[in-house]
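Note sheet for the following structure.
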Amino acid sequence: MTTSPHRPPGPGAAPRIGLLGSYGGYNIGDEAILQCVLGCLRGHRPEARLIVFSRDAEHTRAHQPMADEVVPWEGVPHKQVTDVLAGLDLLVLGGGGILYDGEARRYLKLVRAAQTHGVRTFAYAVGAGPLHESDDREAVRTVLADMDEVVVRDQESRLVLEEVGVERDLVVTADPALLLPPEPFTAEMMRQEGVPAHARLVGMSVREPGRAAEKLDEGDYHALLADVADFLVRRLDAHVVFMPMERHDVRHAHAVLSRMTAPDRGRILHSAYTPGQVLGLMSHLDLVVGMRLHFLIFAAVSGLPVLPLPYAGKVFDFARRLGAPALVGVAREQVGLLLAEVDRLWDEFPQRRVDLGSRVRELRELAAETCARCGALLDDMDRRAGRAVPPRTGDADREDGDRDGDGDGDGSEGRAEPSSPAGDAVASAGETAGGEAAADSYGPELLGTAAEGGAAGGAGRDV
């Protein structure tokens, strides 16, 4: 398909950059990605007008203050959306898992509309698959071929796109949410949710089958997770905290809780939280077992022992890159193997902690590479327009690792009673002040992890 020549913004004009993804509050992981991509773009071009195409414009306006404009794209006339697309200088697709059956064609229809108006396009650490339907496969093959750059978040996505027939360079980095700044999840918030203080806590994430996991048998995996939860209650004398990452997760968390033999030791969090607060929640946990990818990412960044429950390729891939134990699927007959893995994970984590920190640091560097590549495209656009390329700026405190702004360089306020094998230096992530620093916290200047602190922390408790 023929596209119009790229047209740069006029001299002195601030670039208009659009962001298109599964945004609008439907999923905490997607909102974390949006926050990180907005922060990246704002860091590269503070003067840019950032325009988010949202599935729920009111939610995005209320929860994403870095967005200058929010445009609804579902349930509105197509011309209303294409008129905005035509006025962009750059359209950023993603990140996140948006190229799959039934959805890829919808997103890529808008990308193609932008391309026909000469708008530069960049795929920002997108996830792909499953892709079996012919309309989606054709859209992926044709539209991605004309994008300025396509960056995917994992090897699984690259393999899916290559199988579809995408014949172009595909850069593999990592999920943008690895660079999310944490926000405090306070003791008062825990109290209001009915979570006991000073108890050992296991975080658990349950998801609905959905399109990404259509083959999951609900009864099987509810029973499997209930068995795991009961085992952890007995083995660690723990309470289990269920964190829904989407509203549909609540029903499935209740289903697991109802199958536990010790339901009084489980608690489902019901309030609405920001992505940064969910990351902050990790400071209260001692171990995480989960299905949702971004719940696992938040736990890994916080230096916690993580047991992924792979229901899809993206979770398999993350588990592999993390060096975490991962089963082949989520089925009831695997309960014995799963209980053995979680038991070994707890016992061996003091020895695994350093390796986890190294792996997380590498993933965060890859996530920052996506941001750098997008910035390089913006620089190229400036050069082609004959404008001076803005100098790179960084925050001196954060270059020294001081994320909390207190001048001590550790980025942490600490926790009074560390109780996990991750150690007290890890547990402080939720107490980090992530508000004002958010716009500056996405580039390569900030690549230390909570897990690095955990390497010097306590060796854990005997159980």
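The values are calculated or read from the model by the stated rules, or taken from the named source; none is laboratory data. Quick caveat, the model's predicted, so the values are computed rather than measured. Ligands, DNA and RNA are excluded from the accessible area calculation, which covers all protein heavy atoms including side chains. Shrake-Rupley method; radii C 1.70, N 1.55, O 1.52, S 1.80 Å.
Looking only at Cα atoms, what is the convex hull volume of segment 64-133 per residue, in Å³?
107 Å³
Using a 1.4 angstrom probe, figure out how much accessible area segment 58-119 has per residue, in square angstrom, rounded to the nearest whole.
37 Å²
Rounded to a whole number, what % of the accessible area of segment 168-284 do carbon and sulfur atoms account for, probe 1.4 Å?
C and S atoms contribute 48 percent here.
Using the heavy atoms of the protein chains and a 1.4 angstrom probe, tell me the accessible area per residue for segment 128-281 in square angstrom.
Per residue, segment 128-281 has 41 Å² of solvent-accessible surface.
Leaving out ligands, DNA and RNA, what percent of the accessible area of segment 22-156 is carbon and sulfur, probe 1.4 Å?
48 percent
Convert each backbone phi in segment 306-312 into a coupling constant with the Karplus relation 6.51 cos²θ - 1.76 cosθ + 1.60 (shift: θ = phi - 60°), then list the ³J(HN,Hα) values in order as whole Hz, x for Gly and Pro.
My calculation for segment 306-312 gives 10, 10, x, 10, x, 10, 8 Hz in order.
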